[in-house]
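No lab work stands behind these numbers, since they all come straight from the coordinates. Remember, it's a predicted structure, so these values are computed and weren't measured experimentally. Positions of Cβ are generated from backbone atoms using ideal geometry, with glycine treated the same way; all protein chains shown enter the neighbour counts.
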2 protein chains.
Amino acid sequence: MNQKVTQIKPVLKKAKTRKLLLDKAAQMFSRQGYQSTSLKEIAAAADMKAGSLYYHFASKEALMVEVLDQSIQFISDTVAEEIEKLPDDYSFEMGLRAFMRGHLTAILEHPDYTTTTIRNNGQIPKAVQISAHKKREHYEQQWRNLMTQGKTENVIREELDEQLFRLMVLGCLNWSSVWYKPNAATIDDLVKQYADIFLNGCR
Amino acid sequence: MNQKVTQIKPVLKKAKTRKLLLDKAAQMFSRQGYQSTSLKEIAAAADMKAGSLYYHFASKEALMVEVLDQSIQFISDTVAEEIEKLPDDYSFEMGLRAFMRGHLTAILEHPDYTTTTIRNNGQIPKAVQISAHKKREHYEQQWRNLMTQGKTENVIREELDEQLFRLMVLGCLNWSSVWYKPNAATIDDLVKQYADIFLNGCR
DNA sequence: GTTAGATTCTAATTAGCGTTAGAATTAGTA
DNA sequence: TACTAATTCTAACGCTAATTAGAATCTAAC
């Protein structure tokens with residue numbers, strides 16, 4: 001009955017193995033996809049047996065939900081960090097560069113979590129898809145707002161569809177996780193080249 | 001012993017059901033992914049039972065190999081068609097627009113085959129991946145050559161890495177298969193906006 | 001109408017999956 | 001040391017997958 005008093009370190013240990021399992025799961029989901037990854041493999045990567053996972057997670061689906069949640073959360077947080085470095089009245093150009101740097105940094109520096117979001121399009125259960133989509137909505141709205149700003153600042157020229165432009169930019173960024181190798185180019189180089197081209201091109 | 005004489009229509013019929021099975025397989029692979037699609041589902045879509053597939057294909061892997069081959073072949077052919085419309089000494093700008101139109105048309109008008117190539121990154125068996133990669137190489141080389149032309153024509157400006165530019169363009173194009181809905185925008189609109197931005201941006 | 005070949009189906013095999021219940025183990029507390 | 005709760009393992013369950021061998025059916029020529 002005195003659980004509240006006796007358990008301090010055990011809680012930390014439990015959280016630690018949970019984290020470990022999530023990390024391994026993210027790693028394998030992002031590389032092999034949801035369906036191609038077995039609980040046995042995930043457990044083995046964490047020096048455990050498949051059955052033991054169920055002490056920490058209710059099901060494979062639940063595991064995937066958490067990975068996806070953390071994934072989108074991580075991208076969103078990284079972008080927010082970049083935005084906070086800007087003055088309050090930042091211009092569209094500054095905003096776009098910050099968004100791009102945040103998004104790319106998240107995707108390329110922590111690919112295990114983030115590419116899970118990107119690569120598992122059709123193969124995850126419906127319920128998981130819906131849950132992930134809701135989380136993603138808020139983040140996408142921030143991008144939409146940025147594009148509106150670009151339109152009112154007249155940096156995105158009149159005849160150009162700013163939502164198409166948004167999809168274009170995000171497509172570029174997301175796809176780089178397919179081919180990016182850390183030794184080829186730095187993320188900052190990428191951001192600069194991408195942003196220069198897009199800003200030049202949309203005027 | 002006189003098979004050559006007696007079988008004419010039967011051969012056609014066999015080819016027809018093979019084609020049907022390939023089409024259905026491509027459809028389901030592109031929507032659900034390789035691992036999430038069962039032979040039972042593919043067979044059912046062609047009004048057959050799973051076991052009967054083995055009269056036409058040696059295995060599920062073999063089926064996927066053919067789908068991927070046709071997929072990349074189709075993109076390559078569609079681009080070639082667009083190029084043939086150009087004069088022999090076409091400029092980089094004309095070439096880029098033609099490449100983009102061909103690639104996008106293939107991807108968006110026949111998504112069943114083409115998005116199979118795009119979406120099944122990690123989840124297909126190693127042997128299949130290698131086979132697909134070889135076919136893809138030749139097509140990518142054509143893009144590389146185009147970029148070199150852009151550099152020598154000085155349309156891609158000096159300080160810009162033309163291979164990064166290539167990946168950027170292809171990323172945009174490929175990613176559109178993720179969000180594209182036929183009623184939203186026509187492919188020609190897309191091509192125009194994309195090409196304008198990229199050509200403006202790379203100068 | 002019979003026969004031979006082409007095509008499909010049936011039913012079984014084998015293997016692996018996610019999941020579960022209960023036993024075994026570990027580690028902290030008294 | 002003994003007790004207790006937390007954590008992991010074992011061994012099974014039910015299910016579905018890919019694959020296969022042989023039976024069944026269909027088709028077309030003689």
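With the cut-off at 23 Å, tell me which of the pairs A:60/A:134; B:134/B:181; A:16/A:135; B:13/B:135; B:49/B:126; B:49/B:135 have Cα atoms farther apart than that. Beyond 23 Å: B:134/B:181; A:16/A:135; B:13/B:135; B:49/B:126; B:49/B:135.
Inter-chain Cβ neighbour count for A:118-128, averaged per residue, equals 4 (cutoff 10 Å, partner chain atoms only).
When you restrict to C-alpha pairs under 8 Å that are six or more residues apart and normalise by the size of the range B:61-202, the relative contact order lands at 32 percent. Annotation: the range A:122-193 has a Kirkwood hydrodynamic radius of 14.7 angstrom, from the mean reciprocal C-alpha pair distance. Counting Cβ atoms of other protein chains within 10 Å of each residue's Cβ and taking the mean over peptide B:165-171 gives 6.
Over the C-alpha trace of the protein assembly as shown, radius of gyration and Dmax come out as 24.0, 89 angstrom. In nm, one decimal, shortest first: how far is the label point of residue B:94 (7 Å from Cα along Cα to beta carbon) from the matching points in the other copies? So the distances to the same position in the other copies read 4.5 nm. With its label point put 7 Å out from Cα toward Cβ, residue A:45 sits 2.9 nm from the same residue's point in the other copies, in order from shortest.
When chain A is turned onto chain B, the axis of that turn runs closest to one Cβ of chain A, and that residue with its distance in whole Å is A:201, 1. Compactness of the range B:61-202 is given as radius of gyration and Dmax, 15.4, 46 Å, from Cα positions. Summary for residue A:125: label point 7 Å along Cα→Cβ; distances to the equivalent points in the other copies, ascending, 2.8 nm.
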